[in-house]
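*Asks:* One structure follows; several queries about it will come next.
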């Protein structure tokens, strides 16, 4: 059995790397399970707020055990969270988390839907959430999802009755789901969308409750007569794996959130509470709902054929069922229920392809191409069965290129040919569609209403294979992909992308000028085609200057870059603004940066965003030069400190020793380092000794959950979940005379203006008398939080713990954050006279 489990895991994980680009090569048992799902006409919509909110155990159970069509509606893409695997935050983090959700769904068998809501960060109450989101727009998106997906059953992850108890986004998702349940069938609600979808009334709404809602002891005593429970640890012999093992694999795709986990096995109870809708009969969410083919008019003869195939399935040679499947396919095209016709046609077409042993692939010769440039698309068609099939034609859409080979596909003999295509200028570049137009703090803007909710951008090119089965033709559509190999990894696949012929970026996203001296910046231009010639200029604020005005570029090969150096001359006084490169090629101008995201667990991503960097003429002073940085979950703090003139060296845990540390003025510990780097538990005393000898140690935020060090600080220090999510919350100075607020920079209220997303998070709520609390702040209607910045003298040096979100403020060029951090690094280096005065 262990061998079967290992094979299953390897098979699933191999598919997750590709976003289903590779044609599926299913086993007979997987084909059989697809037929079982084909014969179930029922659907479940699971609703929550973020990536990782979904209960993969329940989604997997509904999809794989009940056989229902199951989808997860995540109201956001998770842009506001942290990234444990790399530096991407905000929009780019949302791209990663979108793909991690899709990877999870490919494992648990669900589908993925979104709204236009933007994860703007932690929110303490749904009232705040819905004031930042456009409540009506998000509600309309939830209604649209219901009308499109047409679920019989909706299950909310969170409880609409407990506002303020959990993340405001969480409760808001349940509130909006409840409202949408009531109005999705009302033609007067959002009538403009009825030109693309029909109204729909789900049968029942549930809340996915658990002991954590009440506490274990209280839940045991709770009246559960209004609940349904499932054993979501059910074992699947056809898979060689249990449902909860499968769910663990799915949830482990959320790697940027640190969700890699051990598999779970054995009986495990799951509960859902009935909220509203048609009364229940027994322990079945679909009670009273006909989920057979009899549900649709004209479905009975289709069901008779397909149920017979399921009962007598030929595991040794599934191709024997192709004639009956074709007959069912013909009947399906004549039913009146367009929703089930569309969905079941998609499923049945896939099963025919699998049973016939078809392998259909369209692979571009390159992973990227610019418009008005040529690309070769290689076609491979193969049939590995005795089924009679003829490849009539292949059409590349939307290029309208067609070849008509009209060739019989013999068993296990591949047929190859190619298209030489030019990508027309009217084809859009490939990028996440929700990022094409600038949105607001709470909402993404999507101009095309027909794609709202889609998990990702539809691929630019598709190959339509027309295959004839004994006189009946079926179209199999395949995305054009790029198949290639690497000596160290073997065969690989990438999505095929349309890119601009030129893109540019400034190497540094934030450029800090600590005085009015000129500073050189590098502009990197990337060619999307061969023989790229043109010139580049840099736009800048009026009180700044750039030299030279423009520079020529000449790049011979696609994919190559050319680096240009411009000199930026800041004004004499404090100022900030944006600079942007513009690439002029002939009569066209390009202002976007091409960002590439590559991780093994998700498909390669290309993202086009406006290319801009923030320049800040900053009035800043500092003491100390050499900083050691211990990397945690990933941030750009080291690069940011280099921007203001510090010499920064990133230390690995094994490099932390007394001799190495003696070379530095301060050590900065990265965000969540004590949650992610186990070896630091053995280095804490060495770091404390460094402080005692006269160094400064700054520890940025960690969480109490899964902390890997026994002693966080040289004195008592207890972390909490306290946070201040309002970036404009009042900041009160508890010790205005403390050096950290006065030397070498005089910190004022102005330094806390322009902060982004939040003030800080996971502040300590208890600390030893050795610590001095510097700041106090709180969200509206919340108690004061005094643990955002704590300073303790330890020997000759200082230990500083801060939950302030410097990792968010530095990439945004928030000048006050830089000035305050410089003061933290400068502690103990103030003038003796000032120190004596403060001690009086």
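*Asks:* Being touching a strand residue (DSSP E or B) at 6+ places or on another chain (Cβ under 6 Å), free of Cβ contacts under 8 Å to residues at least 60 places away in the same chain and within 17 Å of residue 356 (Cβ to Cβ) is the filter here; which residues of segment 375-401 pass it?
*Replies:* If the condition is that a residue be touching a strand residue (DSSP E or B) at 6+ places or on another chain (Cβ under 6 Å), free of Cβ contacts under 8 Å to residues at least 60 places away in the same chain and within 17 Å of residue 356 (Cβ to Cβ), then 380, 382, 383 are the ones that fit.
*Asks:* Please specify each residue of segment 171-191 satisfying the condition of being in contact with a helix residue (DSSP H, G or I) (Cβ under 8 Å, 6 or more places away or on another chain), part of a helix (DSSP H, G or I) and free of Cβ contacts under 8 Å to residues at least 60 places away in the same chain.
*Replies:* Across segment 171-191, the qualifying residues are 171, 175, 179, 180, 183.
*Asks:* Among strands (runs of 3 or more DSSP E) lying entirely in segment 500-565, which contain 2 or more residues that are over 19 Å from residue 610 (Cα atoms) and in contact (Cβ under 8 Å) with a residue 60 or more places away in the chain?
*Replies:* Where strands (runs of 3 or more DSSP E) fall fully within segment 500-565 and carry at least 2 residues being over 19 Å from residue 610 (Cα atoms) and in contact (Cβ under 8 Å) with a residue 60 or more places away in the chain, they are 510-513.
*Asks:* If a residue has to be out of contact with any strand residue (DSSP E or B) (no Cβ under 8 Å at 6 or more places or on another chain) and touching a residue at least 60 places away in the same chain (Cβ under 8 Å) to count, how many in segment 732-746 make the cut?
*Replies:* 6
*Asks:* With the condition kept exactly as written, say whether any residue in segment 182-197 is surrounded by 21 or more Cβ atoms within 10 Å (Cβ to Cβ) and either touching a strand residue (DSSP E or B) at 6+ places or on another chain (Cβ under 9 Å) or within 23 Å of residue 41 (Cα to Cα) (or both).
*Replies:* yes
*Asks:* Right, something else. Given the conditions (1) under 30 Å from residue 556 (Cβ atoms); (2) assigned to a strand (DSSP E or B), and given that residue 698 satisfies all but one, which numbered condition is not satisfied?
*Replies:* (1)
*Asks:* Which condition breaks for residue 668 when tested against (1) at pLDDT below 95; (2) out of contact with any helix residue (DSSP H, G or I) (no Cβ under 6 Å at 6 or more places or on another chain)?
*Replies:* Only one criterion is unmet by residue 668, namely (1).
*Asks:* Now for a different question. Go through (1) more than 30 Å from residue 236 (Cα to Cα); (2) buried (at least 22 other Cβ atoms within 10 Å of the Cβ); (3) touching a helix residue (DSSP H, G or I) at 6+ places or on another chain (Cβ under 7 Å); (4) in the same structural domain as residue 260 (by TED's automatic domain parsing) one by one and return the number of the condition residue 168 breaks.
*Replies:* Exception for residue 168: condition (4).
*Asks:* Output the residues belonging to segment 470-499 that are out of contact with any helix residue (DSSP H, G or I) (no Cβ under 9 Å at 6 or more places or on another chain), over 21 Å from residue 375 (Cα atoms) and in contact (Cβ under 8 Å) with a residue 40 or more places away in the chain.
*Replies:* Of everything in segment 470-499, just one residue is out of contact with any helix residue (DSSP H, G or I) (no Cβ under 9 Å at 6 or more places or on another chain), over 21 Å from residue 375 (Cα atoms) and in contact (Cβ under 8 Å) with a residue 40 or more places away in the chain, namely 473.
*Asks:* Taking interchain pairs and intrachain pairs at least six residues apart, which have beta carbon atoms under 6 angstrom, with the first residue in segment 437-456 and touching a residue at least 40 places away in the same chain (Cβ under 8 Å) and the second exposed (fewer than 12 other Cβ atoms within 10 Å of the Cβ) and not in a loop (DSSP other than H, G, I, E, B)?
*Replies:* From segment 437-456, no pairs qualify.
*Asks:* Hey, does segment 491-507 have a residue that's in contact with a strand residue (DSSP E or B) (Cβ under 8 Å, 6 or more places away or on another chain) and on the phi > 0 side of the Ramachandran plot?
*Replies:* no
*Asks:* Sticking with this one: Restricting to segment 617-640, count the residues that are assigned to a helix (DSSP H, G or I) and farther than 21 Å from residue 518 by Cβ.
*Replies:* So the count comes out to 2.
*Asks:* Here is a follow-up. Every residue in segment 3-29 that is assigned to a helix (DSSP H, G or I), surrounded by fewer than 21 Cβ atoms within 10 Å (Cβ to Cβ) and modelled with pLDDT under 90, please.
*Replies:* 3, 4, 5, 6, 7, 9, 10, 11, 12, 13, 14, 15
*Asks:* Name the residue, out of 751, 779, 786, that is in contact with a helix residue (DSSP H, G or I) (Cβ under 6 Å, 6 or more places away or on another chain) and within 20 Å of residue 701 (Cβ to Cβ).
*Replies:* 751
*Asks:* In addition: Taking the condition of being over 12 Å from residue 580 (Cα atoms) and touching a strand residue (DSSP E or B) at 6+ places or on another chain (Cβ under 8 Å), how many residues in segment 532-552 meet it?
*Replies:* Total satisfying the criteria: 13.
*Asks:* Would you point out which residue out of 481, 422 is modelled with pLDDT under 95, surrounded by 13 or more Cβ atoms within 10 Å (Cβ to Cβ) and touching a strand residue (DSSP E or B) at 6+ places or on another chain (Cβ under 7 Å)?
*Replies:* Checking each option against the conditions leaves just 422.
Let's see how each residue does on (1) in the same structural domain as residue 758 (by TED's automatic domain parsing); (2) under 31 Å from the mean Cα position of the chain (by Cα); (3) surrounded by fewer than 21 Cβ atoms within 10 Å (Cβ to Cβ):
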position	(1), (2), (3)
641	yes, yes, no
645	yes, no, yes
652	yes, yes, yes
685	yes, no, yes
693	yes, no, yes
701	yes, yes, no
705	yes, yes, yes
709	yes, yes, yes
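*Asks:* Could I ask something else about it? Does residue 719 satisfy the condition of being farther than 23 Å from residue 81 by Cα and surrounded by 15 or more Cβ atoms within 10 Å (Cβ to Cβ)? Let's see the steps before the verdict.
*Replies:* On the way: farther than 23 Å from residue 81 by Cα: no; surrounded by 15 or more Cβ atoms within 10 Å (Cβ to Cβ): yes.
Judged against the criteria, residue 719 is not a match.
*Asks:* OK, next. Is there a residue being in contact with a strand residue (DSSP E or B) (Cβ under 8 Å, 6 or more places away or on another chain), at pLDDT 95 or above and either within 17 Å of residue 230 (Cβ to Cβ) or not in a loop (DSSP other than H, G, I, E, B) (or both) anywhere in segment 74-86?
*Replies:* Looking through segment 74-86, at least one residue is in contact with a strand residue (DSSP E or B) (Cβ under 8 Å, 6 or more places away or on another chain), at pLDDT 95 or above and either within 17 Å of residue 230 (Cβ to Cβ) or not in a loop (DSSP other than H, G, I, E, B) (or both).
*Asks:* Next question. Those residues that are over 35 Å from the mean Cα position of the chain (by Cα) and in contact (Cβ under 8 Å) with a residue 60 or more places away in the chain, I need them from segment 260-287; list them, please.
*Replies:* 278, 280
*Asks:* Hey, among 486, 494, which residue is modelled with pLDDT under 95, loosely packed, with under 15 Cβ neighbours inside 10 Å and more than 30 Å from residue 621 (Cβ to Cβ)? Even if it seems obvious, please write down each step before you answer.
*Replies:* Working: 494 fails: loosely packed, with under 15 Cβ neighbours inside 10 Å.
Answer to the check: 486.
*Asks:* Would you mind stating whether residue 153 is touching a residue at least 40 places away in the same chain (Cβ under 8 Å) and surrounded by 24 or more Cβ atoms within 10 Å (Cβ to Cβ)?
*Replies:* No, not satisfied.
*Asks:* When you look at residue 440, is it assigned to a loop (DSSP other than H, G, I, E, B) and either farther than 22 Å from residue 349 by Cα or in the same structural domain as residue 50 (by TED's automatic domain parsing) (or both), yes or no?
*Replies:* Considered against the rule, which asks whether it is assigned to a loop (DSSP other than H, G, I, E, B) and either farther than 22 Å from residue 349 by Cα or in the same structural domain as residue 50 (by TED's automatic domain parsing) (or both), residue 440 comes out as yes.
*Asks:* Just wondering, is there one or more residues in segment 400-410 that are within 33 Å of the chain's Cα centre (by Cα) and more than 25 Å from residue 333 (Cα to Cα)?
*Replies:* No: zero hits.
*Asks:* To continue, here is another question. In contact with a helix residue (DSSP H, G or I) (Cβ under 6 Å, 6 or more places away or on another chain), modelled with pLDDT under 95, outside any helix (DSSP H, G or I) and more than 29 Å from residue 178 (Cα to Cα) - does that describe any residue in segment 30-44?
*Replies:* The answer is no, given that none of the residues of segment 30-44 is in contact with a helix residue (DSSP H, G or I) (Cβ under 6 Å, 6 or more places away or on another chain), modelled with pLDDT under 95, outside any helix (DSSP H, G or I) and more than 29 Å from residue 178 (Cα to Cα).
*Asks:* Another question, if that's okay. Please indicate, with yes or no, whether at least one residue in segment 226-247 is assigned by TED's automatic domain parsing to the domain that holds residue 201, assigned to a loop (DSSP other than H, G, I, E, B) and modelled with pLDDT under 90.
*Replies:* Of all residues in segment 226-247, those assigned by TED's automatic domain parsing to the domain that holds residue 201 come to 226-247.
With the extra rule that they be assigned to a loop (DSSP other than H, G, I, E, B), the set shrinks to 226, 232-234, 237-240.
Applying the additional criterion that residues be modelled with pLDDT under 90 yields none.
Within segment 226-247 (the criterion being assigned by TED's automatic domain parsing to the domain that holds residue 201, assigned to a loop (DSSP other than H, G, I, E, B) and modelled with pLDDT under 90), the answer is no, since none of the residues qualifies.
The values are calculated or read from the model by the stated rules, or taken from the named source; none is laboratory data. It should be emphasised that the depicted structure is a prediction, and the values quoted were computed from it without experimental measurement. Cβ coordinates were reconstructed from backbone atoms using ideal geometry, including for glycine residues, and neighbour counts include every protein chain displayed.
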